[in-house]
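Only one structure is covered here, and it is reproduced in the block below.
Quick note: the coordinates plus some simple rules give every number you see, no bench work behind them. Predicted, not measured: the structure shown is a model, and the values here were computed from it. Backbone-built Cβ (ideal geometry, glycine too); neighbour counts: all protein chains shown.
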Amino acid sequence: MNTTVILQPSSVPLTDWKRIYRGSGIELDLNVRSKVEAGARTIEQIVAKGDPVYGVNTGFGKLASVRIGASDLETLQRNIVISHAAGVGEPLPSSVVRLVMALKLASLAQGASGIRWSTLQHLQDCLTAGLIPVVPAQGSVGASGDLAPLAHMTAALLGIGAFFVGDEQVPAMEALGQAGLEPLVLGPKEGLALLNGTQVSTALALAGLFETERVFQAALITGALATDAAKGSDGPFDPRIQALRRHKGQAEVAAALRTLMQGSVIRASHLTNDDRVQDPYCLRCQPQVMGAVLDLLRQAASTLETEANGVSDNPLVFAETGEVISGGNFHAEPVAFAADMIAMAICEIGSLTERRIAMLVDPALSGLPAFLTPKPGLNSGFMIPQVTAAALVSENKQRAYPASVDSIPTSANQEDHVSMATHGARRLIPMARNTANVVGIELLTAAQGCDFHAPMRTSEPLERVRFLLREQVPSLADDRHMAPEMKLATELVSSGALAEAAGAALLPSLTA
C-alpha cells in the first residue's frame, strides 16, 4: 500500500490520492518539466516587458490596481506569503497536509501557474524529506484559494513557521537545515501561485471521503450481522426488488448484504417458521438507504477527482500564446457541494446504524434479552452504548448543515461571494470518526445478539468478523468497563480491518 505514487498531473486516479493520504511516497513525473519551464519563461517575458499583470507586478485583491516596480517583485511575493499566513486553530493532520502538498505539486506541474522548476523541486524535496508544514486548520473561506492555510504551507518552505518532522514540531529553518535544504526564494508570481488554489479544501474533502468509505463498508457488515442477530429476513435483498428500482448503488448494497449473510445457519433456522411479515425499516431498507449513500459518495468522489486533477490558481499562464489571464478557478464551489454531500451521507450511515442498535437492545423488537445482557436489571448491558450512539448521531446532524449555502464578503468586497468549502470539508473527518464509533457499537451489539443464538452460527464472512472481535472483546456476561472495548471495536471499523476480515471484494467501493 505504501509504495511510491508517480504523479502524472491532470490524470491522477482517486486510488492514488487515497494511497498518498494513507502514506505512500510521492514522486513527480519528470516529463512535465518542459511545460513548467515554458510557463516560467512566459512570466519572465512579461516581467521584461513591464506590462501590468495581476499578481506578477501588481498588488493583490482590492490592491490589484497598484503597480509594483521590478526591484520589488521578489519582496512582493514574500510579502504575500507572510501577510497571508494568518490562520488559527489546531494544526491540520500531517496526512492531510501531505495530501495538500501533493495536490499543489500536481497542479503547479501543469505549467499554467508560471512557477519555476526549481521551486517545484523544492516542494518535492520537502515531501521526500518528510518535512510537513505545520498548518493551522482555520482561516479559509474557500475562495481566492485556501489563502491562509496555503500561506502557512509556503511560509515553511521559506524557513518561516514550523514543520512536522515525525510527530515533533521543528522550526522551519532548523528542519530545512537538517534535511540539507536551503529556504526557498520566490520569483515573480510564485508566492501567489503557491497560495492560490483549492488544495486544502480538496485534501480535507478527500480525507473525509476516504474515511467515510471505510465506515460505509463496515456499516454494511455490521448491518448484515445485526440482521442475523435479530433473526431478520434477507428477502429485502433479493435482486429482483433492486432491479425494479434501477439504482446502481442499491443493487450493489443488496448484493453485498446477500453475500454477507449467505450460508447463515441462524437465517436458515427461521426461513419457514416465523410469524413476522416484515422487518423494521432499519433492516429492510438497508439497500435503499445505503445504496443512496453509495451513489452520493461516488458522485462526490467524481467531483473531487476532477478537482484534484485541475489547476485552480489565478491568474493562469498560457505559454502557447504568451498570455496571462485572470479568472476564478480558485472558487471552491464544487468542493463545497461535494463536502456537503459527504456530510449528509455520513449522517445517514450513522442514523440507520443507530436505529439497528436501538432495535437490538429493545426486547419487544429484537426478541433478545433486554439490553443484550443475560441478567437484565442486575446488569445494564448495552443500555448506555446505545445512548452514546444516539448522542453521536445527533451531533453529526448538527454539523451537517450545508456549508455551501453560506457566504460572506471579504477583501473589501472584491471577493464578494465565497464557497465556505474549507470548513465544510474540515468537519468531515470528525463526523466520520463519530459514525465509526456508532458502527463500532453496532459491531459489539450485533455480535452479542448472535451469541444468544449459539450454537447456531452466522455466515462464514460474518463469523470471521465475530472472531476478529472476540479475539479482543469477549461476550458480555456481566457488566464491565465498556469504553475500552468500544474503542477497540471502533478501531476495527476505522482501520479497515473489519472489511478485510469479511472480504473486501464482497463490498462496494467508491471506485467500482
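Given the rule -39500 (n - 2.57) for each run of at least 4 DSSP H residues, summed and divided by the residues of the chain, what is its mean residue ellipticity at 222 nm, to the nearest 500 deg cm²/dmol?
Working: 22 runs with 281 residues, N = 512.
For the chain, the value works out to -17500 deg cm²/dmol.
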Can you give me the long-range amide H partners of Ile26? Hydrogens built in the peptide plane at 1.01 Å from N, cutoff under 5 Å, separation of 5 or more residues or another chain. Val5
Across the alpha-carbon set of segment 209-288, Rg over Rh with Rh taken as the Kirkwood radius works out to 0.98
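Placing +1 at every Lys and Arg Cβ and -1 at every Asp and Glu Cβ, with all other atoms neutral, what dipole size does segment 186-281 have around its Cα centre, in debye to the nearest 20? List each step's numbers first, then the result.
Numbers: 10 positive and 10 negative charges, 53 e Å.
So the dipole magnitude of segment 186-281 works out to roughly 260 debye.
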Taking the Cα atoms only, what angle lies between the long axis of helix 147-157 and the longest principal axis of the chain, rounded to 10 degrees? 70
Any idea how far apart Tyr401 and Val88 come out in nm if each label point goes 7 Å out from Cα toward Cβ? 1.9
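Going by C-beta contacts inside 10 Å, put Met431, Met482 in order with the fewest on the left.
Fewest to most other Cβ atoms nearby, the residues stand as Met482, Met431.
Roughly how many debye, to the nearest 20, is the charge dipole of segment 5-196 about its Cα centre, given +1 on each Lys and Arg Cβ, -1 on each Asp and Glu Cβ, and no other charges?
Details: 14 positive and 16 negative charges, 107 e Å.
Rounded to the nearest 20 debye, it is 520 debye.
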Just tell me which aspartates and glutamates come within less than 19 Å, Cα to Cα, of Lys231; anything on the same chain fewer than 8 places away is out. Asp274, Asp275, Asp279, Glu354, Asp362, Glu442, Asp451, Glu460, Glu463
Angle between the chain longest axis and helix 428-451 axis [Cα atoms, degrees, rounded to 10]: 20
Enter the angle in degrees (range 0 to 90, nearest 10) between the Cα long axis of helix 483-494 and the first principal axis of the Cα atoms of the chain, meaning the one along which they spread out most. 60
Calculated FRET efficiency for the pair Ser71/Thr511, C-beta based, R₀ 45 Å, to 0.05: 0.30
Of Lys35/Lys104; Lys104/Lys189; Lys18/Lys487, pairs whose Cα-Cα distance is over 20 Å: Lys18/Lys487
Expressed in nanometres to one decimal, the distance between label points 7 Å along Cα→Cβ at Glu460 and Leu244 is 3.3
Spin-label zone in segment 139-175 - amide nitrogen under 19 Å from a point set 7 Å from the Cα of Lys62 along the C-beta vector: 140-145, 147-148
Quick calc: nm separation of the 7 Å Cα→Cβ label points for Arg470 and Thr4 -> 4.6
Mind checking the full-extension length gain between Asn413 and Gln169? Use 0.36 nm per residue of separation minus the Cα-Cα distance, one decimal, nm. 84.2 nm
When the Debye formula is applied to the Cα atoms of segment 5-196, each taken as the same point scatterer, what base-10 log of I(q)/I(0) results at q = 0.09, 0.10, 0.11, 0.12 Å⁻¹? -0.31, -0.39, -0.47, -0.56
Would you work out the charge dipole size for the chain about its Cα centre, treating the Cβ of every Lys and Arg as +1 and the Cβ of every Asp and Glu as -1, and quote it to the nearest 20 debye? 760
Name the residue from Leu220, Gly310, Leu76 whose Cα lies farthest towards the positive end of the charge dipole of the chain, charges +1 on Cβ of Lys and Arg and -1 on Cβ of Asp and Glu. Leu220
Report the normalised scattering of segment 411-451 as log10 I(q)/I(0) at q = 0.17 Å⁻¹, calculated by the Debye formula with identical scatterers on the alpha carbons. -0.63
Would you report the distance distribution of C-alpha pairs in segment 100-180 as whole percents per 10 angstrom bin, up to the bin with the largest distance? 18, 51, 29, 2
Across segment 340-445, what fraction of all alpha-carbon pairs, as a whole percent, falls in each successive 10 Å bin from zero upward? 15, 34, 23, 14, 8, 4, 1
Zone of Lys49's modelled label, taken as backbone nitrogen in segment 324-350 under 13 Å from a point 7 Å along Cα→Cβ: 324-325
What is the Cα centroid distance between segment 333-363 and segment 1-54, reported in whole angstrom? 36
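Suppose R0 equals 45 Å; then what is the FRET efficiency for Ala497 and Ser118 from their Cβ-Cβ distance, rounded to the nearest 0.05?
0.55
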Among beta bridges that DSSP assigns inside segment 5-196, antiparallel share in %, nearest 5: 75
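Please grab the % of Cα pairs in segment 402-512 that end up more than 22 Å from each other.
Working: 3067 of 6105 pairs.
The answer is 50 percent, as a whole percent.
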